[in-house]
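Read through the structure below, which is laid out as structure tokens, and then see the notes.
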Amino acid sequence: MVMAKETVRVSGSTTVIPLAEGGAEAFNADQSDFEALVTGGGTGVGMKNIAEGNSDIGMASREVSEEEISQFGDKFQEHLIGYDGIVIAVSKQIYDAGVTSLTKDQVKQIYGGEIKNWKDLGGPDEEMLVIAREQGSGTRDTFNEEIMDDKSAETPGVNTVAGSNAEIRTAITGSDKAIGYLGFSYAEDGAVGAITLDEVKPTAETIKDGSYELARKLYFYTFGEASEGAKAFIEFMVGEEGQKVAEEYGFVTL
């Protein structure tokens with residue numbers, strides 16, 4: 001008699017999805033006791049799901065917040081699984097026109113609505129299409145904290161809001177005058193123009209050593225006593241096989 005596999009439910013950050021999905025595929029093929037199933041929703045959703053018992057693992061692109069701890073209690077367990085950078089990216093047409101490097105202050109002025117035309121930055125005479133992530137996104141929180149100096153900052157320069165890294169990438173590639181921010185792994189294939197920020201280019205090296213300012217840690221969170229399946233998947237992800245997956249998918253290894 002074949003025993004049914006125990007499902008390990010993983011949800012949360014869209015930044016972590018490619019890493020978790022690639023890891024789940026390898027993990028599921030590697031053993032026969034557990035099956036990891038990955039869905040998105042954003043970091044906030046992942047935290048809520050594990051606290052309410054709807055997921056075994058919450059994917060996060062930031063640390064658990066004070067609000068989440070006060071809402072759900074302090075049973076969150078943090079597991080570092082890799083590193084990522086938030087890349088400021090522009091449409092290829094803008095990049096090819098010479099806008100390849102910006103300062104943090106310039107990015108702040110764009111999102112603050114003070115710079116609205118690419119000609120002010122040495123680019124073409126085109127109004128900017130400024131794209132941000134939606135509320136609850138760990139990527140948005142990190143961007144606002146690092147660039148706007150406040151996690152809950154107003155960004156009046158934003159024209160359009162996207163629900164995931166993939167949506168931001170699609171919006172940037174679908175326009176000839178866009179700027180947005182997205183996870184490093186989504187900007188590696190050259191489809192968007194990855195901006196050098198304060199004279200530091202986002203690379204695996206600069207993200208890991210912290211010289212690129214928008215570097216961040218990626219986590220799997222569990223809540224209370226982790227299930228056997230969750231423990232097994234986390235061990236797999238931080239081990240040799242899981243870290244190979246991280247590298248393969250454009251993330252920065254531990």
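Largest first, what is the accessible-area ranking of LEU102, LEU121, LEU37 with a 1.4 Å probe? If you can, show how the numbers build up before the last one.
Values: LEU102 5, LEU121 35, LEU37 90 Å².
These residues rank, largest area first, as LEU37, LEU121, LEU102.
Starting from the amide H of ALA36, placed 1.01 Å from N in the peptide plane, find each other amide H under 5 Å away whose residue is 5 or more places distant or on another chain.
Those lying under 5 Å, H to H, from ALA36 are VAL8, ASN28.
Treating the angle as unsigned and between 0 and 90°, give the value, to the nearest 10°, between the Cα long axis of helix 17-30 and the longest Cα principal axis of the chain.
30 degrees
Karplus couplings for region 97-105 from phi (6.51 cos²θ - 1.76 cosθ + 1.60, θ = phi - 60°), rounded to Hz, Gly and Pro as x?
7, x, 8, 10, 9, 9, 9, 4, 5
To make sure I understand the rule: partners must be aspartates and glutamates, Cα under 14 Å from the Cα of LYS104, and not fewer than 8 residues away in the same chain. Which ones qualify?
GLU114, GLU145, GLU146, ASP149, ASP150, ASP198, GLU199, GLU213
Kindly provide the helix-only [θ] at 222 nm of the chain, computed as the sum of -39,500 (n - 2.57) over DSSP H runs of four or more divided by all residues, to the nearest 500 deg cm²/dmol?
Values: 10 runs with 87 residues, N = 254.
Using -39500 (n - 2.57) per qualifying helix, the result is -9500 deg cm²/dmol.
Identify all lysines with a Cα-Cα distance to LYS231 below 21 Å; exclude those on the same chain that are fewer than 8 residues away in sequence.
LYS231 reaches LYS5, LYS48, LYS75, LYS217, LYS244.
How big is D for region 160-210, in µm² s⁻¹ as a whole number, if Stokes-Einstein is applied with the Kirkwood radius of its Cα pairs at 20 °C and 1.002 mPa s?
Values: Rh = 11.8 Å.
The Stokes-Einstein estimate is 181 µm²/s.
Roughly to the nearest percent, how much of the accessible area of the chain is carbon and sulfur, given a 1.4 Å probe? Display every interim value, and only then the final one.
Numbers: 5090 of 11420 Å².
Its accessible area is 45 percent carbon and sulfur atoms.
Assuming R0 = 30 Å, can you tell me the calculated FRET efficiency for the pair ASP189 and LEU37, based on Cβ-Cβ distance, to the nearest 0.05? Show your work: numbers first, answer last.
Numbers: r = 27 Å, r/R0 = 0.89.
Efficiency, from the Cβ-Cβ distance: 0.65.
Keeping all protein chains in place, calculate the accessible area per residue for region 81-189 (probe 1.4 angstrom), answer in Å².
On the way: 4490 Å² over 109 residues.
I get 41 Å² per residue for this part.
Treating the angle as unsigned and between 0 and 90°, give the value, to the nearest 10°, between the Cα long axis of helix 228-238 and the longest Cα principal axis of the chain.
That helix lies at roughly 50 degrees to the long axis.
Once Cα extents along the principal axes in Å is worked out from the coordinates, which option in (1) 69, 37, 31; (2) 96, 46, 39; (3) 69, 42, 34 does it equal?
Only one option fits the structure, namely (1).
If ligands, DNA and RNA are left out, what is the accessible area of ARG9 with a 1.4 Å probe, given in Å² to the nearest 10?
Near enough 100 Å² of accessible area.
The values are calculated or read from the model by the stated rules, or taken from the named source; none is laboratory data. Just so it is clear, the model here is predicted, and its values are computed rather than measured. No Cβ is skipped: glycine too gets one built from the backbone with ideal geometry, and neighbour counts run over all protein chains shown. Keep in mind that these areas ignore ligands, DNA and RNA; they rest on the heavy atoms of the full protein, side chains included. Shrake-Rupley method; radii C 1.70, N 1.55, O 1.52, S 1.80 Å.
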